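*Asks:* Here it is, the structure in full.
The values are calculated or read from the model by the stated rules, or taken from the named source; none is laboratory data. The structure displayed is predicted, hence computed values, not measured ones. Cβ placement follows ideal geometry from the backbone for every residue including glycine, while neighbour counts extend to all protein chains displayed.
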Amino acid sequence: MKTKIIILIGILAAGLSFSQEFSKEMTLEEYNIVLADWQAKEQTANDEIAQLQGEIDALKAEIVSLGEQILAVKAETLALLGVTEGDVGAYLAELSGLLDALNQLAGLAPEELYQHRDEMDMHAENFAGLKSNPMAVLDKSVVVIKNIDRVFDTIDSIMPKPFFDLYSVVKNDNLWRISGKEDIYSDPYQWMKIYSANRDQIKDANLIFPDQEFKIPRRLEDNQHEVAKGEHLTFVSESRYGNPFDWHKIYEANKNVIDDPNTVYPHTILTIP
């Protein structure tokens with residue numbers, strides 16, 4: 001179509017030039033020569049326009065044919081999946097709704113996001129079901145699913161670690177062995193973390209039982225302190241209260257894990273009143 005317009009502009013320009021030619025004085029013979037020349041140019045232009053129109057008509061017919069093929073393939077795909085257009089629409093709407101919900105969560109501050117852990121678990125379970133749906137292979141579905149995966153990755157990157165995981169005791173376990181496991185701390189010397197976090201269940205650090213479910217601390221809450229090697233209660237008091245003389249407050253709040261106020265073991269998790 002653009003070429004056709006250019007040709008017509010050329011004809012108009014040529015007509016202007018032709019009129020200028022005839023504004024000059026010329027003989028009849030010269031007139032006939034010029035007229036024949038411009039008539040030939042006009043015929044050539046008309047032939048080109050006709051050819052271009054034929055190409056345009058052929059392209060339109062090809063577009064219609066391709067559209068019919070697309071519709072046929074789409075119908076065949078739906079038949080193979082055993083779904084209808086309505087099913088696809090509902091499925092895409094569910095994916096879009098999940099994407100919107102995740103985008104809202106991704107906009108929260110990390111600590112606020114942490115409060116929505118259960119909601120995230122629900123969304124993850126729902127997404128797993130949606131991805132296993134046969135309609136997940138459709139082109140439109142693939143695009144939305146990729147976007148959802150991207151938002152999940154973003155949320156995972158900003159989601160604070162949980163305060164603790166859960167571990168179920170098995171036969172022959174002890175706190176030393178549990179702490180040394182790769183998926184726990186990979187360090188048996190950190191057994192005091194587990195002991196101090198589960199004093200409600202552990203009466204004797206050397207005596208635990210199969211099927212007990214222990215908290216495995218992963219990060220500290222604001223009112224907690226993990227004792228480092230060489231620390232004592234006065235040091236902890238000074239770092240948390242600004243003076244060493246309030247150590248007794250910490251001792252009173254942690255008698256369940258401190259037998260002797262003069263001795264606190266590394267990796268003990270203390271509650272700071």
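*Asks:* Give me the pairs, please: first residue somewhere in region 29-44 and charged (D, E, K, R), second residue anywhere and surrounded by 11 or more Cβ atoms within 10 Å (Cβ to Cβ), beta-carbon distance under 7 Å, and either six or more positions apart or on two chains.
*Replies:* Pairs found: Lys41/Ala14; Glu42/Ile11.
*Asks:* Counting only residues that are in contact (Cβ under 8 Å) with a residue 12 or more places away in the chain and within 16 Å of Val144 (Cβ to Cβ), how many does region 98-116 have?
*Replies:* 6
*Asks:* Under 7 Å between Cβ atoms, at least 6 apart or on separate chains: pull out the pairs that start in region 147-164 with a residue that is of a type in the set (D, E, K, R) and end on any residue that is surrounded by 14 or more Cβ atoms within 10 Å (Cβ to Cβ) and part of a helix (DSSP H, G or I).
*Replies:* Hits for this filter: zero, empty list.
*Asks:* Okay, next question. Six or more apart or on different chains, Cβ atoms under 8 Å: show the pairs whose first residue is in region 238-250 and in the same structural domain as Pro261 (by TED's automatic domain parsing) and whose second is of a type in the set (D, E, K, R) and assigned to a helix (DSSP H, G or I).
*Replies:* Within 8 Å, the pairs are Tyr241/Lys249; Pro244/Glu238; Ile250/Arg240.
*Asks:* Can you name every residue in region 126-145 that is under 15 Å from the mean Cα position of the chain (by Cα) and either more than 11 Å from Leu95 (Cβ to Cβ) or in contact (Cβ under 8 Å) with a residue 40 or more places away in the chain (or both)?
*Replies:* Listed by number, the residues that qualify are Ala128, Ser141, Val144, Ile145.
*Asks:* Which of (1) assigned to a loop (DSSP other than H, G, I, E, B); (2) surrounded by 12 or more Cβ atoms within 10 Å (Cβ to Cβ) is the odd one out, the single condition Thr154 does not satisfy?
*Replies:* (1)
*Asks:* I've got another one for you. Any residue at all in region 203-221 that is surrounded by fewer than 14 Cβ atoms within 10 Å (Cβ to Cβ) and aromatic (Phe, Trp, Tyr)?
*Replies:* Yes, some residue in region 203-221 is surrounded by fewer than 14 Cβ atoms within 10 Å (Cβ to Cβ) and aromatic (Phe, Trp, Tyr).
*Asks:* Okay, next question. Considering only region 64-84, how many residues are within 11 Å of Met135 (Cα to Cα) and modelled with pLDDT of 75 or more? Walk me through it before giving the result.
*Replies:* Of region 64-84, the ones within 11 Å of Met135 (Cα to Cα) are 77-78, 80-84.
With the extra rule that they be modelled with pLDDT of 75 or more, the set shrinks to 80-84.
Selection size over region 64-84: 5.
*Asks:* If I ask for residues that are among the hydrophobic types (A, V, I, L, M, F, W, C) and either under 30 Å from the mean Cα position of the chain (by Cα) or more than 18 Å from Ile269 (Cβ to Cβ) (or both), which ones from region 156-195 would you list?
*Replies:* Answer for region 156-195, where residues must be among the hydrophobic types (A, V, I, L, M, F, W, C) and either under 30 Å from the mean Cα position of the chain (by Cα) or more than 18 Å from Ile269 (Cβ to Cβ) (or both): Ile158, Met159, Phe163, Phe164, Leu166, Val169, Val170, Ile184.
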